[in-house]
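The values are calculated or read from the model by the stated rules, or taken from the named source; none is laboratory data. Since this is a predicted model, take the numbers as computed values, not measurements. Heads up, the Cβs are rebuilt from the backbone with ideal geometry, glycines too, and the neighbour counts pull from every protein chain shown. When the accessible area is computed, the model is the full protein with side chains, heavy atoms only, and any ligands, DNA or RNA have been set aside. Shrake-Rupley method; radii C 1.70, N 1.55, O 1.52, S 1.80 Å.
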Amino acid sequence: MYTLYHFPHSQHGRRVVSLLEAAGLPYQVKHVALDAAEHESPEFLRINPNHQVPVLEDGDLRLTESNAILRYLCTQHELLSWYPANPRQRAKVDQWLDWNQCRLAPTVVDLVLHGVFLGEQGDPQAVARGELALPERLAILESALQSDDYLTGSHPTIADLSVASNITQLSFAQIEMSGHTAQWYRRMLALDAVQQSLP
């Protein structure tokens, strides 16, 4: 059985929960209270010195970084519908995983962490930066979803789980999707595994 260190409002943790649920893999959750700074405690820093969730434990293997965890689970259990073996198809999934982490995620942090969760302690300049960047990020997503139901084709992959978790995060800032992106997001929310991950 896997052990997942998780906090329900972590978009990174939720995407891992979605895959575990979708694949029917047994796991137990160890709650890490980010709102009580438990991730900064000496005990948790011994588990992840990056002071972040999720962390996945599989026996003596300990993994951090949500997208790496997604890839590991897919490879370990041959979840080829979620992470295809074909090199070209897999490269497209990897492209979106990296885009999400490098492009969309920082914008989400600016808008949601600083604009919502940190309250008066949030950085107004970060919020302004996020507001400036978000239209471009969403335009890229909208363009990609014009011709396919999901990011890389006709069925969801871990790329969709990863990006959808960030779109859920944007809803905390009262940011709603439109067009093809909204239709895609409704399809993602219709998945029971995604529903099981929601905070």
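Some observations on this one:
- The string of couplings for the range 76-83 from the Karplus curve (6.51, -1.76, 1.60, θ = phi - 60°) is 4, 10, 6, 7, 6, 6, 8, 8 Hz, one whole number per residue in order, with x for Gly and Pro.
- Taking only the alpha carbons of the chain, we obtain Rg and Dmax values of 16.5, 48 Å in that order.
- When Rg and the Kirkwood radius Rh are both evaluated on Cα atoms of the range 89-199, their ratio Rg/Rh stands at 0.97.
- Three-way shape label, the range 7-116, alpha-carbon gyration tensor, a/c 1.5: oblate
- A simple spin-label model places pseudo-atoms 7 Å from Cα toward Cβ; at ARG186 and SER41 they are separated by 4.3 nm.
- Computed lengthening from GLN174 to ASP149, 0.36 nm per intervening residue step minus Cα-Cα distance: 6.6 nm
- The range 1-155: relative contact order as a whole-number percent, Cα under 8 Å and 6+ apart: 17
- For the range 110-167, the orientation-averaged shadow of the C-alpha convex hull comes to 4.2 nm² (one quarter of the hull surface).
- Top of VAL55, VAL108, VAL116 by mean-square fluctuation, Gaussian network on the chain, Cα under 10 Å: VAL116
- Annotation: the range 159-199 has a Kirkwood hydrodynamic radius of 10.3 angstrom, from the mean reciprocal C-alpha pair distance.
- In percent, rounded to a whole number, the relative contact order of the range 40-89 is 18, using alpha-carbon pairs under 8 Å and six or more apart.
- Centre-to-centre, using Cα atoms only, the range 184-199 and the range 83-134 are separated by 19 Å.
- Percent accessible area from carbon and sulfur atoms, the range 1-151, protein chains only, probe 1.4 Å: 51
- Rounded accessible area per residue of the chain, 1.4 Å, Å²: 50
- Cα→Cβ-extended label distance, 7 Å offset, between HIS31 and GLN125, nm: 3.7
- Residues with amide H under 5 Å from that of VAL32, placed H, sequence gap 5 or more: HIS6, PHE7
- Of GLU43, GLU65, GLU78, the order by accessible heavy-atom surface (1.4 Å probe, DNA, RNA and ligands excluded), from most exposed downward, is GLU78, GLU43, GLU65.
- The slack between ALA91 and ILE140, meaning 0.36 nm per residue of separation minus the straight C-alpha distance, is 15.9 nm.
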